[in-house]
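Participant: Structure provided below as structure tokens; questions to follow.
The values are calculated or read from the model by the stated rules, or taken from the named source; none is laboratory data. This structure is a prediction, so every number in the text was calculated from the model and none was measured. Neighbour counts run over all protein chains shown; Cβ positions are idealised from the backbone, glycine included.
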Amino acid sequence: MSVCSIVARRARQDGLSLFELLIAIAVIGILAAVAVPTYQGFIRTSQMTKVSSTYQQAIATAQLTIQADEMRRAVGLPEKTPTDANGWADLLNPNGAMAPGGGDAFQTGEARVRRNGSTAMRNGVVVVKRGSDRGDPETGAIGIRFTPRDQVLELWRPAYLSLTRQRAIISAEGVDLREPNN
């Protein structure tokens, strides 16, 4: 075989063979089959972490707010504790953070104007959102219920993804964490 024939044959094989192409596609498919579920698992874990972290921060903030108000009351200063669930939602979420599944990070059972920095108007009408005071298992929003007469705040972590539903009852006496049956 001459050098010219070897060079001529080499020049005709510029692309990949069908077999090489099938092997490359198989390797990409195997990598995708492993990578996609792993990535989805990371996303689910980060979403559950966001809900739990928001819930824990809300409990701590509410507890400190109630304790500070107790001290204000003891020295004769006016109270600054919110007087309704929407006031608590504004206090606990001053920057308008969103729930992992979309929507406000906190929900109340009361009508609520969206306060996420965007215009809350649609066709000249203020958009009012009413959520559940027990949280939203679809979006991961924390539920808020406030009883002004007893000065008791309830925060509900929804059963979002793999999380169990939990209720924190916060008052001047402290915090009581429960996993409700219903």
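Participant: Could you pull out the residue among GLN57, GLN63 that is surrounded by fewer than 16 Cβ atoms within 10 Å (Cβ to Cβ), closer than 21 Å to ARG145 by Cβ and not charged (D, E, K, R)?
Facilitator: Matching residue, one of GLN57, GLN63: GLN57.
Participant: When the residues of the range 12-48 are filtered to those that are among the charged types (D, E, K, R) and assigned to a helix (DSSP H, G or I), which remaining residue is surrounded by the fewest Cβ atoms within 10 Å (Cβ to Cβ)?
Facilitator: Selected residue: ARG12.
Participant: Might you check whether a residue that is part of a loop (DSSP other than H, G, I, E, B), surrounded by fewer than 10 Cβ atoms within 10 Å (Cβ to Cβ) and modelled with pLDDT under 95 occurs anywhere in the range 77-84?
Facilitator: yes
Participant: Right, another one. Pull out all pairs, ordered by first then second residue, where Cβ-Cβ is under 8 Å, the residues are six or more apart or on different chains, the first lies in the range 14-43 and is free of Cβ contacts under 8 Å to residues at least 12 places away in the same chain, and the second is assigned to a helix (DSSP H, G or I).
Facilitator: LEU16/ALA24
Participant: Condition test on ALA105, is it surrounded by 12 or more Cβ atoms within 10 Å (Cβ to Cβ), closer than 22 Å to ASP136 by Cα and modelled with pLDDT of 95 or more?
Facilitator: Here the answer is no, as ALA105 does not meet what is asked.
Participant: Would you please name the residue that is modelled with the highest pLDDT, looking only at residues in the range 151-182 that are assigned to a loop (DSSP other than H, G, I, E, B), within 15 Å of GLN63 (Cα to Cα) and of a type outside the set (A, V, I, L, M)?
Facilitator: Among them, the one singled out is GLU173.
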